[in-house]
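To start, the structure under review is shown below, and the notes come after it.
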Amino acid sequence: APHLAPCSWTQTDGGLVIKLAVPSGTQSSEVAVVFDVNSLDVTIGGEPSSVCGRLHGIIKVADCFWELERAPPPDPAMFAEREDQREPDIVEITLAKARIGIDWPGLFAGGVGMSAKREKPPPPPEPPKPAPKPASLNPGL
(Lines give C-alpha, C1' and ligand atoms only; values in the text may rest on other atoms or scores of the structure.)
Protein backbone atom coordinates (compact mmCIF):
# COMPACT_ATOMS: atom_id res chain seq x y z
CA ALA A 1 0.00 0.00 0.00
CA PRO A 2 1.67 3.24 -1.11
CA HIS A 3 0.28 5.29 1.80
CA LEU A 4 2.37 3.24 4.26
CA ALA A 5 5.62 4.23 2.53
CA PRO A 6 7.43 7.29 3.92
CA CYS A 7 6.10 10.56 2.53
CA SER A 8 8.24 13.22 0.88
CA TRP A 9 8.20 16.80 2.11
CA THR A 10 9.76 20.19 1.49
CA GLN A 11 9.73 23.39 3.51
CA THR A 12 9.91 27.14 2.99
CA ASP A 13 10.19 29.92 5.59
CA GLY A 14 6.42 29.94 5.98
CA GLY A 15 5.31 26.38 5.56
CA LEU A 16 5.77 22.78 4.59
CA VAL A 17 4.38 20.73 1.72
CA ILE A 18 3.97 16.99 2.27
CA LYS A 19 3.35 14.58 -0.60
CA LEU A 20 1.87 11.21 0.32
CA ALA A 21 1.33 8.54 -2.35
CA VAL A 22 -2.08 6.83 -2.11
CA PRO A 23 -3.55 3.96 -4.13
CA SER A 24 -4.60 5.01 -7.63
CA GLY A 25 -8.30 5.84 -7.75
CA THR A 26 -8.57 6.77 -4.04
CA GLN A 27 -11.67 8.95 -3.54
CA SER A 28 -11.27 12.23 -1.67
CA SER A 29 -14.03 11.02 0.68
CA GLU A 30 -11.65 8.22 1.77
CA VAL A 31 -8.93 10.69 2.77
CA ALA A 32 -9.16 12.11 6.30
CA VAL A 33 -6.63 14.77 7.32
CA VAL A 34 -6.76 16.01 10.91
CA PHE A 35 -4.65 19.12 11.57
CA ASP A 36 -3.82 19.97 15.19
CA VAL A 37 -1.54 22.69 16.52
CA ASN A 38 1.33 20.23 16.91
CA SER A 39 0.21 17.01 15.24
CA LEU A 40 -1.01 15.69 11.92
CA ASP A 41 -3.05 12.55 11.33
CA VAL A 42 -3.80 11.29 7.82
CA THR A 43 -5.92 8.18 7.27
CA ILE A 44 -6.72 6.61 3.91
CA GLY A 45 -9.88 4.51 3.79
CA GLY A 46 -9.83 4.34 7.59
CA GLU A 47 -6.23 3.04 7.71
CA PRO A 48 -3.45 5.11 9.28
CA SER A 49 -0.84 6.31 6.78
CA SER A 50 2.84 7.07 7.32
CA VAL A 51 1.78 10.70 7.98
CA CYS A 52 0.56 10.37 11.57
CA GLY A 53 2.34 11.79 14.56
CA ARG A 54 3.48 14.73 16.62
CA LEU A 55 4.92 17.47 14.43
CA HIS A 56 8.35 18.95 14.97
CA GLY A 57 6.91 22.45 15.27
CA ILE A 58 3.63 24.29 15.70
CA ILE A 59 1.27 25.01 12.79
CA LYS A 60 -1.55 27.49 12.14
CA VAL A 61 -4.42 25.07 11.69
CA ALA A 62 -6.70 27.62 9.96
CA ASP A 63 -4.13 28.09 7.17
CA CYS A 64 -3.50 24.39 6.49
CA PHE A 65 -5.16 22.51 3.65
CA TRP A 66 -4.82 19.43 1.46
CA GLU A 67 -5.77 18.30 -2.03
CA LEU A 68 -5.82 15.05 -3.94
CA GLU A 69 -3.75 15.04 -7.14
CA ARG A 70 -4.61 12.40 -9.71
CA ALA A 71 -1.79 10.55 -11.42
CA PRO A 72 -1.76 11.14 -15.19
CA PRO A 73 -3.88 8.54 -17.00
CA PRO A 74 -1.89 5.61 -18.34
CA ASP A 75 -0.71 5.74 -21.93
CA PRO A 76 -3.29 3.87 -24.12
CA ALA A 77 -0.45 1.74 -25.50
CA MET A 78 0.20 0.55 -21.93
CA PHE A 79 -3.46 -0.21 -21.28
CA ALA A 80 -2.73 -3.84 -20.66
CA GLU A 81 -0.88 -2.89 -17.47
CA ARG A 82 -2.20 -4.39 -14.30
CA GLU A 83 -4.07 -2.35 -11.71
CA ASP A 84 -1.17 -2.61 -9.23
CA GLN A 85 1.31 -1.11 -11.71
CA ARG A 86 -0.57 2.17 -12.08
CA GLU A 87 1.04 5.34 -10.80
CA PRO A 88 -0.25 6.21 -7.32
CA ASP A 89 -2.31 9.35 -6.76
CA ILE A 90 -0.84 11.97 -4.41
CA VAL A 91 -2.34 13.67 -1.37
CA GLU A 92 -0.59 17.04 -1.11
CA ILE A 93 -0.80 18.59 2.36
CA THR A 94 0.21 22.20 3.01
CA LEU A 95 1.09 23.16 6.59
CA ALA A 96 1.46 26.81 7.63
CA LYS A 97 4.20 27.28 10.24
CA ALA A 98 3.15 29.25 13.31
CA ARG A 99 6.71 30.63 13.54
CA ILE A 100 7.85 31.97 10.19
CA GLY A 101 11.50 31.45 9.30
CA ILE A 102 12.16 28.64 11.78
CA ASP A 103 13.55 25.59 9.98
CA TRP A 104 12.20 22.23 11.09
CA PRO A 105 14.95 19.58 11.31
CA GLY A 106 12.33 16.89 10.64
CA LEU A 107 8.65 16.64 9.87
CA PHE A 108 7.75 14.64 12.97
CA ALA A 109 9.25 14.90 16.43
CA GLY A 110 10.00 11.17 16.35
CA GLY A 111 12.35 11.25 13.37
CA VAL A 112 13.00 12.62 9.92
CA GLY A 113 10.01 12.32 7.63
CA MET A 114 8.49 9.41 9.49
CA SER A 115 5.74 9.05 12.00
CA ALA A 116 6.69 8.87 15.65
CA LYS A 117 4.09 6.14 16.11
CA ARG A 118 5.45 3.99 13.27
CA GLU A 119 9.17 4.05 13.89
CA LYS A 120 10.38 0.73 15.19
CA PRO A 121 12.92 0.82 18.01
CA PRO A 122 16.33 -0.52 16.96
CA PRO A 123 16.58 -4.30 17.38
CA PRO A 124 18.10 -5.38 20.71
CA PRO A 125 21.77 -6.34 20.48
CA GLU A 126 22.31 -10.02 19.80
CA PRO A 127 23.16 -11.89 23.02
CA PRO A 128 26.67 -13.38 22.86
CA LYS A 129 26.53 -16.97 21.75
CA PRO A 130 27.70 -19.45 24.41
CA ALA A 131 31.06 -21.02 23.60
CA PRO A 132 30.64 -24.54 22.23
CA LYS A 133 31.09 -27.09 25.02
CA PRO A 134 34.04 -29.39 24.48
CA ALA A 135 32.90 -32.89 23.61
CA SER A 136 33.11 -35.17 26.62
CA LEU A 137 36.02 -37.56 26.47
CA ASN A 138 34.14 -40.45 28.11
CA PRO A 139 30.55 -40.23 26.78
CA GLY A 140 29.69 -43.46 28.66
CA LEU A 141 29.91 -41.82 32.14
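The values are calculated or read from the model by the stated rules, or taken from the named source; none is laboratory data. These figures come from a predicted structure and were not determined experimentally. Backbone-built Cβ (ideal geometry, glycine too); neighbour counts: all protein chains shown. Quick note on the areas: whole protein, heavy atoms, side chains included, nothing else; ligands and nucleic acids left out. Shrake-Rupley method; radii C 1.70, N 1.55, O 1.52, S 1.80 Å.
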First select every other residue whose beta carbon is under 13 angstrom from the beta carbon of Lys97; then total the charges, Lys and Arg +1, Asp and Glu -1.
-1
What part of the accessible area of the range 1-66, given as a whole %, is carbon or sulfur when the probe is 1.4 angstrom?
55 percent
Which cross-chain or sequence-distant (5 or more) residues have an amide H under 5 Å from the amide H of Ser39, H modelled 1.01 Å from N in plane?
Leu55
Amide hydrogen neighbours beyond the local backbone of Val51, cut-off 5 Å, H modeled:
Val42
Can you give me the accessible area per residue for the range 1-79, using a 1.4 Å probe, in Å²?
55 Å²
Please give the net charge around Ala62, taking every other residue with its beta carbon less than 14 angstrom from that of Ala62, where Lys and Arg add +1 and Asp and Glu add -1.
0
Fully extended, how many nm does the chain gain between Ala1 and Asp13 (0.36 nm per residue separation, minus their Cα-Cα distance)?
1.1 nm
By how many nm would the segment from Ala62 to Asn38 grow when fully extended, if each residue of separation counts as 0.36 nm and the alpha-carbon distance is taken off?
7.3 nm
For Lys97, Lys19, Lys129, give the ranking by accessible area with the largest first, probe 1.4 Å.
Lys129, Lys19, Lys97
